[in-house]
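Engineer: Attaching a single structure in structure tokens format; questions to follow.
Derivation of every value follows stated rules applied to the coordinates shown; laboratory data play no part. Everything numeric in this text was worked out from a predicted model, so none of it was measured. Using ideal geometry, Cβ is built from the backbone for each residue, glycine included, and neighbour counts are taken over all protein chains shown.
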């Protein structure tokens with residue numbers, strides 16, 4: 001059983017979030033990589049962080065419930081505003097359709113469970129379905145099979161369209177693919193009033209584009225789960241709703257938006273270990289750069305494949321120096337800078353523990369901005385959790401209906 005927010009409460013919910021995020025912005029609105037000391041070391045929370053051991057930091061990092069409880073004395077309002085207050089879904093609701101072997105064969109990790117949960121929680125209406133940014137069309141295929149729906153899937157990559165269409169033909173499903181760039185000028189031609197449009201984890205500008213176009217043509221039903229809010233073309237976030245445009249926070253940067261998607265609950269042990277090594281090595285390189293080149297500002301580096309972090313730090317540092325157009329001497333004391341990197345990593349982890357407390361609030365702020373925008377376009381809007389947080393941190397669904 002889920003309890004939707006009544007329309008008149010969406011703006012109240014947003015205002016509450018906006019005030020909290022503004023009140024505490026010094027604790028989340030910064031980049032830890034740019035600091036060599038705690039930015040709020042003289043506060044009670046800063047003094048508490050200074051005493052934490054590496055083992056305690058690890059425990060707090062791994063257990064969100066414990067982390068929220070631990071910091072509740074410093075930020076009591078956050079416990080009164082749970083990230084799960086938006087709705088209470090019935091996570092034990094049984095799947096009505098038996099899963100065929102062919103469906104799970106191509107879908108990795110927890111994606112299959114996410115698809116089934118989405119299909120269970122989306123609004124049931126007698127309309128053709130348009131799947132936005134479909135990939136191989138796994139969601140659309142499941143809706144065709146389990147709900148006997150007619151589905152059209154829009155996808156930019158031709159190879160994925162071909163593969164998805166072949167699957168549909170093999171299984172004799174009413175599932176059709178269209179190769180289309182949804183950010184193009186003519187993408188609105190695929191949207192109609194008499195449709196139900198679905199999007200599971202469409203990123204940044206891709207789902208924003210959907211909301212703008214669908215509301216313009218008056219699409220009757222929208223069920224979307226936003227993702228990757230920072231993947232936008234603009235340097236600053238362009239708020240959608242009137243309330244967000246008048247926010248006390250002002251404009252959010254892309255880097256600030258990244259905080260909303262930093263929660264990881266599905267990563268394996270190896271991925272987690274490599275991520276820790278990557279952060280430590282980047283910080284160790286920063287220490288090396290500052291010592292040998294005299295710079296004080298953090299120098300960002302582009303993303304690199306994870307296999308780099310199974311090798312030697314010296315190789316990574318040499319590659320990084322090449323990106324910044326300088327050369328490291330061969331007799332450099334690599335171990336010394338690795339130790340400095342470990343110290344900086346502990347400092348970053350402490351800052352991230354506090355920043356992470358505000359991650360769910362920022363994500364809800366962004367989701368409610370989208371919900372309020374649709375409400376302003378004449379939609380009846382609900383925001384709910386379509387699945388358990390452990391299945392995916394991006395578990396907030398916007399369901400909007402136009403009568």
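Engineer: With axes computed from alpha carbons, what is the tilt in degrees of helix 158-171 against the longest principal axis of the chain, rounded to the nearest 10 within 0 to 90?
Structural biologist: 50 degrees
Engineer: Jot down the radius of gyration and Dmax of region 245-401, Cα atoms only, both in angstrom.
Structural biologist: Rg and Dmax of region 245-401, Cα atoms, are 20.4, 67 Å.
Engineer: Out of every Cα-Cα pair in region 165-243, what percent are more than 16 Å apart? List each step's numbers first, then the result.
Structural biologist: Details: 1862 of 3081 pairs.
For region 165-243, the fraction of Cα-Cα distances above 16 Å is 60 percent.
Engineer: In addition: log₁₀ I(q)/I(0) of region 303-355 at q = 0.15 Å⁻¹, via Debye over equal Cα point scatterers, no solvent, to two decimals?
Structural biologist: -0.55
Engineer: While we're looking at this one, here's another question. Determine, for 272, 152, the number of other Cβ atoms within 10 Å of each Cβ, and report the residues in order from fewest to most. Before the final figure, lay out each step's value.
Structural biologist: Numbers: 272 13, 152 19.
Listing 272, 152 from fewest to most nearby Cβ atoms yields 272, 152.
Engineer: Compute the normalised compactness of region 152-208: alpha-carbon radius of gyration over 2.2 N^0.38 Å, N being the residue count.
Structural biologist: Values: Rg = 12.2 Å, N = 57, 2.2 N^0.38 = 10.2 Å.
Scaled against compact globular proteins, the figure is 1.19.
Engineer: Using alpha carbons only, how many degrees (0 to 90, rounded to 10) separate the axis of helix 111-121 from the longest principal axis of the chain?
Structural biologist: 50 degrees
Engineer: At 7 Å along Cα-to-Cβ for each site, give me the label-to-label distance between residue 73 and residue 236 in nm.
Structural biologist: Here the answer is 4.0 nm between the modelled labels.
Engineer: For region 45-77 and region 272-311, compute the distance between their C-alpha centroids and round to whole Å.
Structural biologist: Spelled out, the Cα-based centre of one part sits 26 Å from the other.
Engineer: Report the normalised scattering of the chain as log10 I(q)/I(0) at q = 0.14 Å⁻¹, calculated by the Debye formula with identical scatterers on the alpha carbons.
Structural biologist: -1.29
Engineer: Give the percent of DSSP beta bridges with both residues in the chain that are antiparallel, rounded to the nearest 5. Walk me through the numbers on the way to the answer.
Structural biologist: Numbers: 11 of 29 bridges.
Around 40 percent of the beta bridges assigned by DSSP in the chain are antiparallel ones.
Engineer: Using the alpha-carbon atoms, what tilt in degrees (0 to 90, nearest 10) does helix 359-376 show relative to the longest principal axis of the chain?
Structural biologist: It works out to around 30 degrees.
Engineer: For the pair residue 270 and residue 51, how long in nm is the line joining their label points, each one 7 Å along Cα→Cβ?
Structural biologist: Computed distance between label sites residue 270 and residue 51 equals 4.1 nm.
Engineer: Specify the inter-centroid distance of region 340-401 and region 214-265, based on alpha-carbon positions, in whole Å.
Structural biologist: 10 Å
Engineer: Highest first, please rank the peptides 127-135, 338-346 by the mean number of other Cβ atoms sitting within 10 Å of their residues. Don't jump to the answer; show the numbers that get you there.
Structural biologist: Numbers: 127-135: 22.2, 338-346: 17.4.
Per-residue mean Cβ counts within 10 Å order the peptides as 127-135, 338-346.
Engineer: Which of 98, 58 has the fewest other C-beta atoms within 10 Å, and how do the rest follow up to the most? Walk me through the numbers before you get to the answer.
Structural biologist: Details: 98 6, 58 13.
Taking fewest neighbouring Cβ atoms as first place, the list is 98, 58.
Engineer: Is the shape of region 119-254 rounded, prolate or oblate, going by the alpha carbon gyration tensor and its root eigenvalues a ≥ b ≥ c, with a/c under 1.5 for rounded and a/b larger than b/c for prolate?
Structural biologist: Values: a/c = 2.23, a/b = 1.76, b/c = 1.27.
Since a/c reaches 1.5 and a/b is larger than b/c, the shape of region 119-254 is classed as prolate.
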